[in-house]
Structures are given as structure tokens and as C-alpha cells.
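Chemist: One structure is given below, represented as C-alpha cells, and several questions about it will come after.
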Amino acid sequence: MIGTPTHLPVKAAFLETVMSPTSPFRRAARSLLAASFAICLALGIGAAPASALDDVQRKEFESVIRDYLLKNPEVIQEAIGELQKKQAVAADQQRKQAIAQLKPQIFDSPHGVVVGNPKGDVTLVEFFDYNCGYCKRSLPDLVQLIESDPKLKVVLKEFPVLGPGSVEAAQVAVGVKLVAPEKYLAFHKALLGGRGQANKARALEAAAEAGIDRAAVEKAMARPEVNAALQESMQIADALGIDGTPSYVAGDAVIIGAVGHDQLKGTIDSVRSCGKATC
């Protein structure tokens, strides 16, 4: 008598994982296993308990699965797609929780640089690197948002991830914030909008272009607040899963990449309307 599919040598733990209601592989696994079982039964591979199957029968079973996947590769693509969707949802939820937990440090930290309206009804936070090409291209978007929205508060967070020059430039920037916060935006535009590699020398030149005392900035760079500010940005970015620039935080969402003026404005409008990035 032909045995049931449960006699096939498939580990119970594997079945429990892929066939659980929450598994992204469930649909693909059901199709794959159903087809494999049907073919194996037709071949008589399941005619005996799993313990009685020999190496030849196991190889036949493996061959059936391999042939099925080769003839139906869309099953793998479907499973990967479902997994990616599940991972994206999980990452989004984790970021929302991190934003809620770190809200004071993200939106109101004394280490952050505030431009735009300090008492604005919506806050947009940007993590940037002075050597990031996409940050340079996104600068006009940020300036346009500030100039067109008098109720927008923007917090700039130094996130130097592109090498030693970026770290040096960030240290100068924090020094500028300590010495002349009212001139920070002018400095920011001069350095991020300029050409060439950003480093300490170039950043100090940008400070001078913005009318800031270069010697005072260099002195301020030795203060403990400089490292504290950079360390805080790194810790927040890590908690939010941010590993590139530019990245933004608005409401309950993290926005990764240079998404452009229109998407940022749409997010700001949503936060203003319902308190969330998507209403």
C-alpha cells in the first residue's frame, strides 16, 4: 500500500516553519510540496516509512524538487518577494518604535542644528554628510522647503560616514554651531554647495566665507560638545536603521535617500494634517 506524504523524509521543523500562517514562504512551499508529493507518490517513493528510504530514493526526491524549481522558478521569486515585503514591514515598525522612544533626541536635542522656524509646527530632520553627492543635489530641495514654508522647523544632524574628511568637516560644522549658530545655514550652503572634497581645511574656508571667525571655530572644535553631538547622531542613526545619506525623519517615519522636494513636501503636509507621514 502506498504510504501517506507524512512518511516522506521532510523534517517537522522545516514544515512548521514554511507552512505557518505568518510565513512568507507558505504559498510557494505549499505549491512546491504538493507537486513534489504528487510526483513522489506516483514514483512510489513514499511507499515506505521515512526510516526505510534508501539513498537512491532520497536522491530521487531531491531530484524531483530540483526539477520542479527549475521548471517553475517563479515559485522562488514569489517566496523572495513575500520575504522582502515582510522584512520591509518589520523594519518600518521597528523604526516607528525607535522614533517614539528617541523623540526628544531626534527632534529637540540641544546638539542638533535648527534652521527654518525654531517654533515650527512640523519638524523635518536630515542626516547628511558633507561629502555626499546626493546630499549636495538635495540641498536646493531643503532650501526651497525652508523658504516656502514659514512654519517648518528643520533639524540638521551631522552624520559623517564617508571617511576622515567627512569627520573633519562635521567637527568644524559643530564648532560653527557653537560659535555662531545664526550663521550655520550660510556655512552649510557654502560647504555643501561647494565643489571638491570636504575636510577640515575646506570647512574652515566655508566658515570664513560665511563671516565666521576661523580661530574661534578651531578653538570650539576642542570642546567636548563636538564629539557628543557626533556620537549622538551616530547612535540615533543606528537605532533608526539609517546607514546612508541623505536620510530624513518626519512624524513617525524615516525616509531614506534623495527623494526630492515633492515627496518631502508631501510628507510634511501629511504630518501637519494628521501627525503621521502617511494619513
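The values are calculated or read from the model by the stated rules, or taken from the named source; none is laboratory data. Just so you know, these numbers come straight off a predicted model, no measurement behind them. In this analysis, Cβ positions are derived from the backbone assuming ideal geometry, glycine residues included, and neighbour counts consider all displayed protein chains. Note: areas computed on protein heavy atoms with side chains; ligands, DNA, RNA excluded. Shrake-Rupley method; radii C 1.70, N 1.55, O 1.52, S 1.80 Å.
Chemist: For the stretch 56-73, just list the computed ³J(HN,Hα) in residue order, Karplus coefficients 6.51, -1.76 and 1.60, θ = phi - 60°, integers in Hz, with x standing in for Gly and Pro.
Modeler: Once rounded to whole Hz, the list reads 5, 5, 5, 5, 5, 5, 4, 5, 4, 5, 4, 4, 5, 5, 5, 7, 10, x.
Chemist: Taking amide H atoms as placed 1.01 Å from N in the peptide plane, list the residues 5 or more away in sequence, or in a different chain, whose amide H sits under 5 Å from that of residue 199.
Modeler: The answer is none.
Chemist: Can you list the HN-Hα couplings for the stretch 180-193, worked out from phi with the Karplus curve (6.51, -1.76, 1.60; θ = phi - 60°), rounded to whole Hz and with x for Gly and Pro?
Modeler: In residue order, the calculated couplings are 9, x, 5, 9, 4, 4, 5, 4, 4, 5, 5, 7, 6, x Hz.
Chemist: Would you mind checking which residues have amide H under 5 Å from residue 152's amide H? H placed 1.01 Å from N; only 5 or more apart, or other chain.
Modeler: Residues meeting the amide H criterion: 117.
Chemist: I need the phi-derived Karplus couplings for the stretch 209-220: 6.51 cos²θ - 1.76 cosθ + 1.60, θ = phi - 60°, integer Hz, Gly and Pro marked x.
Modeler: Listing the rounded values in order: 4, 8, x, 9, 5, 4, 5, 5, 5, 4, 5, 5 Hz.
Chemist: What residues qualify as long-range amide H neighbours of residue 277, i.e. H under 5 Å apart, gap of 5 or more or another chain, H built at 1.01 Å from N?
Modeler: 252, 253
Chemist: Same structure, new question: How far is the Cα center of the stretch 173-244 from the Cα center of the stretch 115-166, in Å?
Modeler: The two parts, judged by their Cα centres, are 13 Å apart.
Chemist: Heavy atoms only, 1.4 Å probe, whole protein assembly: order 157, 189 by accessible area, highest first.
Modeler: Working: 157 5, 189 85 Å².
Per-residue accessible area, sorted high to low, gives 189, 157.
Chemist: What size of dipole, in debye to the nearest 20, comes out for the stretch 145-208 about its Cα centre when the only charges are +1 on Lys and Arg C-beta atoms and -1 on Asp and Glu C-beta atoms? Don't jump to the answer; show the numbers that get you there.
Modeler: Numbers: 9 positive and 6 negative charges, 5 e Å.
The calculated dipole for the stretch 145-208 is roughly 20 debye.
Chemist: Further question: With +1 on each Lys and Arg Cβ and -1 on each Asp and Glu Cβ, and nothing else charged, work out how big the dipole of the stretch 129-264 is about its Cα centre, in Debye to the nearest 20.
Modeler: 360
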